[in-house]
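Worksheet: the structure to be examined is printed underneath.
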Amino acid sequence: MKVAVAGTGYVGLVTGVCLAENGHEVTCVDVDENKIKMMQEGKAPIYEPGLQELMTKNSERLKFTTDHVSAYRDAEVIFIGVGTPEKKDGSANLSYVFAVADQIADSVQNECVVVVKSTVPIGTNDRVEAAVNERCAGRVKIHVASNPEFLAQGTAVRDTLHSSRIVIGVEDDFAKDRLLQLYSWSDAPMVVTNRRSAEMIKYASNDFLALKISYINEIANLCEAIGADIKDVAKGMSYDSRIGDKFLNAGIGYGGSCFPKDTKALSWLATFNDHEIKTVKAAIEVNENQKLLPIKKARRYFNDLRGINVAVLGLTFKPGTDDLREAPSLVTVPVLIDDGAKIRAWDPVGVSNFKKQVPEGVTYCDSIEETLKGADICFIFTEWKDVLELDPGMFVKLMNNPIVVDGRNCFDVEKIASVKGLVYDSIGRAVIDTRS
């Protein structure tokens, strides 16, 4: 099928590339000329495992352009995959979605399906359909469908090619049949429902996972207070099939482009409709507090952080991505800078993006060893493979004052306990102090 995709971020670009991988002719559209030029040269503008390889493999079926008219004119299916950033009041900013909808209405020449892939508040698809067909004024029929994404950054390509489920929200058979044809290559469970239910499935799914993360973090904080071990607690919980073992890793909060934005958007939507989702509101509060936990822990060891040499391992909100949106490092590092700490940081892919948001006050290193050398305290914010595989003895060997605040519970406490001369302070577990 002839497909166009508006937006070349994590959702739009991965969707387009994976559809090309499965035989469709795809044109990706973006307003950023530099980004388009990069992709026309065969280079992926974002770091996502497997994406570059698939772009190269499917180059004959992939086009990249800023010319939306030519891209949308004869497309059978047009995906809207632009951002819906959070507004100051917590609601979703839909200006980019409706800007694309206007372009589509002005450009299409044949009956087609417009698929809203972006995460949007319930009822947005109805508004998009009304807007495009009013603008077309009967010139051509445009059907609008909801097809939310369920990909995770770092595994986005795999999540798209091997989906846990495909959700299609439609109001007519034309849109339904086109999308079933589009996804005929997939053996994933197919949920066909109305548009509002599809929109709600996306929010309900993401917010439930955010609740689960915030819950285990609350339990972890209590574990520290009462002498329990969160790793053992989570393991014991995980064997209950109703709970499972996903999203039970305690840490310093969730980040990224989805959970923070979607929890606030659903909470706002509920309030706007005279409802209150107390569990979601609590998850938002817990997550914001959790991001400051490393600073609170550091102040147990130093009355004043001024002049303290700080090593930071990991800047992105999770491994496998260069995305920094809502990353705990963006909360913690500026506090350390304000406190007068001397900061050296390492991240395998996130440094350039971090520099854009924190342009001063940080020295960036090419290796973990360089980062740790002479440090008085080390913060671990991202569980990169290189960090997980690090010999804990390196903290003692390289640091001036081996105090490690591990926000991701990267190390086994028994292994840490065998390392002499170290303080290891993690999340939801007893502090290990082998200095004496």
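What to note about this one:
- Among the candidates V120, V191, residue that is touching a residue at least 40 places away in the same chain (Cβ under 8 Å), within 24 Å of the chain's Cα centre (by Cα) and within 30 Å of P49 (Cα to Cα): V120
- Per-region count, the range 71-98, residues over 19 Å from S118 (Cα atoms) and in contact (Cβ under 8 Å) with a residue 40 or more places away in the chain: 2
- Failed condition for G428, given (1) crowded, with 18+ Cβ neighbours inside 10 Å; (2) at pLDDT 95 or above; (3) at negative phi: (3)
- Taking first residues from the range 409-420 that are outside any loop (DSSP other than H, G, I, E, B) and partners that are of a type in the set (A, V, I, L, M) and at pLDDT 95 or above, the Cβ contacts under 9 Å between residues at least 6 apart in sequence or on separate chains come to V413/A430; V413/I432; I416/V404; I416/L422; I416/I432; A417/I432.
- Residue satisfying condition, being surrounded by fewer than 17 Cβ atoms within 10 Å (Cβ to Cβ), under 16 Å from P294 (Cβ atoms) and assigned by TED's automatic domain parsing to the domain that holds P392, within set D338, D366: D338
- A search for C-beta distances below 8 Å between a residue of the range 2-19 that is at positive phi and any residue that is surrounded by 24 or more Cβ atoms within 10 Å (Cβ to Cβ) and small (G, A, S), counting only pairs 6+ apart in sequence or on different chains, returns G7/G81; G7/S118.
- Residue ranges of strands (runs of 3 or more DSSP E) in the range 138-245 with at least 1 members among the polar types (S, T, N, Q): 142-146, 190-193
- Of the residues making up the range 391-404, none is modelled with pLDDT of 95 or more, within 27 Å of N287 (Cα to Cα) and of a type outside the set (A, V, I, L, M, F, W, C).
- The one condition in (1) hydroxyl-bearing (S, T, Y); (2) touching a helix residue (DSSP H, G or I) at 6+ places or on another chain (Cβ under 9 Å); (3) more than 24 Å from P319 (Cα to Cα) that Y203 fails to fulfil: (3)
- Unmet requirement for T56, which otherwise passes all of (1) part of a helix (DSSP H, G or I); (2) in contact with a His (Cβ under 8 Å, 6 or more places away or on another chain); (3) within 26 Å of W185 (Cβ to Cβ): (2)
- Within the range 302-315, one or more residues are free of Cβ contacts under 8 Å to residues at least 40 places away in the same chain, in contact with a strand residue (DSSP E or B) (Cβ under 9 Å, 6 or more places away or on another chain) and surrounded by 17 or more Cβ atoms within 10 Å (Cβ to Cβ).
- Residues satisfying the stated conditions in the range 6-46, i.e. touching a helix residue (DSSP H, G or I) at 6+ places or on another chain (Cβ under 8 Å) and loosely packed, with under 15 Cβ neighbours inside 10 Å: G23, G42, K43
- Total residues in the range 1-18, condition in a strand (DSSP E or B) and in contact with a His (Cβ under 9 Å, 6 or more places away or on another chain): 4
- All told, N409 falls short of being surrounded by fewer than 15 Cβ atoms within 10 Å (Cβ to Cβ), closer than 18 Å to T434 by Cα and not charged (D, E, K, R).
The values are calculated or read from the model by the stated rules, or taken from the named source; none is laboratory data. All values derive from a computational prediction rather than experimental measurement. Glycine gets a Cβ as well: all are built from the backbone with ideal geometry, and neighbour counts include every protein chain shown.
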